[in-house]
1. Looking at the stretch 50-70 only, could you name the residues that are surrounded by fewer than 16 Cβ atoms within 10 Å (Cβ to Cβ) and touching a Gly at 6+ places or on another chain (Cβ under 7 Å)?
2. Step by step: first the residues of the stretch 15-44, then only those that are assigned to a helix (DSSP H, G or I) and either within 16 Å of residue 66 (Cα to Cα) or of a type in the set (Asp, Glu) (or both), then the one that is least open to solvent (accessible area, probe 1.4 Å). Which residue is that?
3. Restricting attention to the stretch 70-92, and to residues there that are in a helix (DSSP H, G or I) and out of contact with any helix residue (DSSP H, G or I) (no Cβ under 6 Å at 6 or more places or on another chain), which single residue is nearest to residue 8 (Cα to Cα)?
4. Which of (1) at pLDDT 85 or above; (2) open to solvent by 70 Å² or more (accessible area, probe 1.4 Å) does residue 85 not meet, given it meets every other one?
5. Determine whether the stretch 124-131 contains at least one residue that is buried (at least 16 other Cβ atoms within 10 Å of the Cβ) and either in a loop (DSSP other than H, G, I, E, B) or of a type outside the set (Phe, Trp, Tyr) (or both).
6. Taking residue 11 as meeting all but one of (1) touching a helix residue (DSSP H, G or I) at 6+ places or on another chain (Cβ under 9 Å); (2) among the aliphatic types (A, V, I, L, M); (3) part of a helix (DSSP H, G or I); (4) in contact (Cβ under 8 Å) with a residue 40 or more places away in the chain, write down the number of the exception.
7. Can you tell me which condition residue 80 does not meet? The list is (1) out of contact with any Asp or Glu (no Cβ under 9 Å at 6 or more places or on another chain); (2) among the aliphatic types (A, V, I, L, M); (3) open to solvent by 20 Å² or more (accessible area, probe 1.4 Å), and all the others hold.
8. (1) of a type outside the set (Lys, Arg); (2) more than 19 Å from residue 105 (Cα to Cα); (3) open to solvent by less than 20 Å² (accessible area, probe 1.4 Å): which one isn't true of residue 47, the others all being true?
Amino acid sequence: LIRNDGLKNILVFTRTKHGADNVVKALEKNGVEAAAIHGNKSQNNRQRVLEGFKNQEITVLVATDIAARGIDIDQLPYVINFDLPNISETYVHRIGRTGRAGNSGLAISFCDASEKPYLKDIEKLIRMKIKVVSDHPYLLDENAVAENPDKKPDLRNKNKESNSRKSEASKKNKKRWY
């Protein structure tokens, strides 16, 4: 998307610090100048990266929501939500970074099957239907369920009626201390 459309000066949001670092690695592997800011970076590092982004030495700034608080970037043309936020108000905060002071801007959000409930919550909050682009090569097969082959089996007792670890006798002899 960034290379094909020649996008520059992009702020990408991820939900986690680890996710931000992974996005930067993937972008750099594909020849895109990128850097991350998040809570595990030192204040000096965050300021240096932010200055590089403002001076357009860095094409893509990848940030977590917490690290991006208080960042003021004039004329930010693109915001990309790599992960949809699980809190609807955060989406509004993220996309509000672009198109400030009468400038134009574009917000793009990626959404997989696990994030569909977040999308519905966001649409409910903003009282608008978000345009879904379906003619791209990365369409999600909604009927496919990705199974993790390394997933450990669920060994919990599914026949239990309650989540309590107390015996029935213990529950009957329960004393109230209030």
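The values are calculated or read from the model by the stated rules, or taken from the named source; none is laboratory data. For clarity, every value in this text was computed on a predicted model and none was experimentally measured. FYI the Cβ positions are ideal-geometry reconstructions off the backbone, even for glycines, and counts take in every protein chain you see. Accessible surface areas use protein heavy atoms only, side chains included; no ligands, DNA or RNA. Shrake-Rupley method; radii C 1.70, N 1.55, O 1.52, S 1.80 Å.
1. Result: 66, single match.
2. Filtering first and then ranking leaves 20.
3. Only one residue fits best here, namely 92.
4. (2)
5. Looking through the stretch 124-131, none of the residues is buried (at least 16 other Cβ atoms within 10 Å of the Cβ) and either in a loop (DSSP other than H, G, I, E, B) or of a type outside the set (Phe, Trp, Tyr) (or both).
6. Of the numbered conditions (1) touching a helix residue (DSSP H, G or I) at 6+ places or on another chain (Cβ under 9 Å); (2) among the aliphatic types (A, V, I, L, M); (3) part of a helix (DSSP H, G or I); (4) in contact (Cβ under 8 Å) with a residue 40 or more places away in the chain, the odd one out for residue 11 is (3).
7. (3)
8. (3)
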